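Notes for the one structure printed next.
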Amino acid sequence: MFSYRHAFHAGNHADVLKHLALIASLRHLMRKDGPLTLVDTHAGAGIYRLDSNAAQTSGEALEGIARLQALHEQNQAPALSGQAPAATEDVAEALADYLAVVASFNRAPGAWRVYPGSPLIMHALMTEPARAAVHDRLKLFELHPTDIQALDAHVAQLGAGRQVAVARQDGFEALKALLPPPAAAGGSRRALVLIDPSYEIKSDYAKAAAAVQDALRRFATGVYMVWYPVIARPEAHGLPRRLKTMAQQAGRGWLNATLHIGAAPDGGGLTASGLFVVNPPHPLKAALEQALPQVLRVLAEGRGAGRAWAVEASA
Ligand code: SAM
């Protein structure tokens with residue numbers, strides 16, 4: 001336990017899939033005025049330096065978000081120059097939005113040096129001028145002794161007060177006390193929960209499934225997003241299948257998105273991951289179907305066999 005540090009992986013292809021879908025989901029939920037309870041059961045450090053030793057050693061961001069920066073710049077160029085757009089394919093809306101959020105943390109010119117983790121992404125969206133008055137709440141959980149300190153410090157810098165809470169607690173356990181979320185003035189209860197374990201311990205697969213099962217019993221209409229690695233391990237194969245069965249038994253909608261970027265030249269590293277969403281916001285499927293082929297084209301360049309994307313969802 002505790003050998004996993006997200007600083008080595010921040011901005012890799014798995015973060016791209018997860019954060020792209022997270023932002024697209026939040027955008028839709030935030031169209032309504034009712035306040036949201038946002039929960040990140042496995043929060044990490046909150047934000048990462050891409051020029052840190054960890055990021056440079058792994059090189060994962062270079063194969064991930066760094067490659068996508070060019071798409072963002074291509075998307076911005078016509079607007080900045082006032083010229084007609086070049087004859088290139090338009091960047092999908094959800095991808096352009098995700099890249100704009102990452103860019104907002106990187107105001108200095110040149111290669112992006114910072115990558116926001118899920119806590120700072122969620123905070124950025126809930127405090128945008130058009131949303132700030134709604135007062136969404138963010139609950140963050142992290143167990144790693146170093147990352148919880150970093151997370152605490154990063155959240156303190158936001159000056160968010162009681163709107164953002166950080167706890168050194170097991171996120172699977174802590175979730176139980178947060179559901180159902182408090183009712184807003186009009187009586188509505190709304191929540192999005194990101195369950196993003198490192199799966200360092202095999203039992204995380206069963207715990208993620210149990211957390212969703214319990215969450216659906218407590219609050220059937222919440223949006224539950226579970227990231228998982230696509231690796232040759234029975235528990236990893238079994239998790240999306242279990243989640244699908246659970247959603248179907250509860251009569252809830254579901255979506256499963258996967259991204260395989262193809263084998264690395266040296267044959268190492270994680271090459272595929274998935275995101276399972278219970279009660280996915282309606283536009284998420286189409287948003288991912290437009291964005292993932294573009295993501296794959298960029299991230300799979302120079303890589304070997306096994307590249308694919310897929311979005312499967314309930315009718
Ligand atoms: N959600 C983050 C993001 O997208 O930026 C990344 C999280 S990282 C994949 C998983 C984190 O969960 C690690 O920082 C790890 O220390 C932490 N962790 C592991 N077990 C935990 C548990 N039971 N409760 C809370 N955090 C845990």
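The values are calculated or read from the model by the stated rules, or taken from the named source; none is laboratory data. What you are looking at is a predicted structure, and each value in this text was computed from that prediction instead of being measured. Neighbour counts run over all protein chains shown; Cβ positions are idealised from the backbone, glycine included.
When residues of segment 215-230 are filtered for being in a strand (DSSP E or B) and closer than 24 Å to LYS202 by Cβ, how many remain? Final tally of qualifying residues: 6. Of the residues screened, GLY11 is one that is of a type outside the set (Phe, Trp, Tyr) and on the phi > 0 side of the Ramachandran plot. For segment 232-267, residues that are touching a residue at least 40 places away in the same chain (Cβ under 8 Å) and either within 16 Å of the ligand (Cβ to nearest atom) or not in a loop (DSSP other than H, G, I, E, B) (or both) total 10. Take the residues of segment 169-222 that are within 15 Å of the ligand (Cβ to nearest atom) and among the polar types (S, T, N, Q): which is nearest to ALA133 (Cα to Cα)? Checked segment 169-222; the qualifying residue nearest to ALA133 (Cα to Cα) is GLN169. Once segment 100-113 is narrowed to residues that are within 16 Å of the ligand (Cβ to nearest atom) and within 20 Å of VAL298 (Cα to Cα), the residue that is surrounded by the most Cβ atoms within 10 Å (Cβ to Cβ) is VAL102. Looking only at residues in segment 1-59 that are in a strand (DSSP E or B) and closer than 30 Å to ALA183 by Cβ, the one that is nearest to the ligand (Cβ to nearest atom) is ASP40. Of GLU63, GLU89, GLU73, GLU128, all but one fail to be over 17 Å from the mean Cα position of the chain (by Cα), within 21 Å of VAL166 (Cα to Cα) and away from the ligand (no atom under 15 Å from the Cβ); the exception is GLU128. Among the residues of segment 103-136, those identified as aromatic (Phe, Trp, Tyr) and assigned to a loop (DSSP other than H, G, I, E, B) are PHE105, TRP112. Under the condition of being under 21 Å from THR221 (Cα atoms) and in contact with a Leu (Cβ under 6 Å, 6 or more places away or on another chain), the residues counted in segment 256-274 number 1. Filtering segment 244-277 to residues that are crowded, with 23+ Cβ neighbours inside 10 Å and either over 19 Å from TRP309 (Cα atoms) or out of contact with any helix residue (DSSP H, G or I) (no Cβ under 9 Å at 6 or more places or on another chain) (or both) leaves only ALA247. Pairing residues of segment 17-42 that are of a type in the set (Gly, Ala, Ser) with residues that are within 16 Å of the ligand (Cβ to nearest atom), at Cβ distances under 6 Å and at least 6 apart in sequence or on separate chains, gives ALA21/LEU275. List, please: which pairs have Cβ atoms under 9 Å, are six or more places apart or on different chains, and start with a residue in segment 302-315 that is modelled with pLDDT of 95 or more and end with one that is hydroxyl-bearing (Ser, Thr, Tyr) and part of a strand (DSSP E or B)? Qualifying pairs under 9 Å: ALA308/THR258; TRP309/THR258; ALA310/THR258; VAL311/THR258; GLU312/THR258. Screening segment 147-168 for residues that are within 9 Å of the ligand (Cβ to nearest atom) and part of a helix (DSSP H, G or I) and picking the one that is surrounded by the most Cβ atoms within 10 Å (Cβ to Cβ) gives LEU151.
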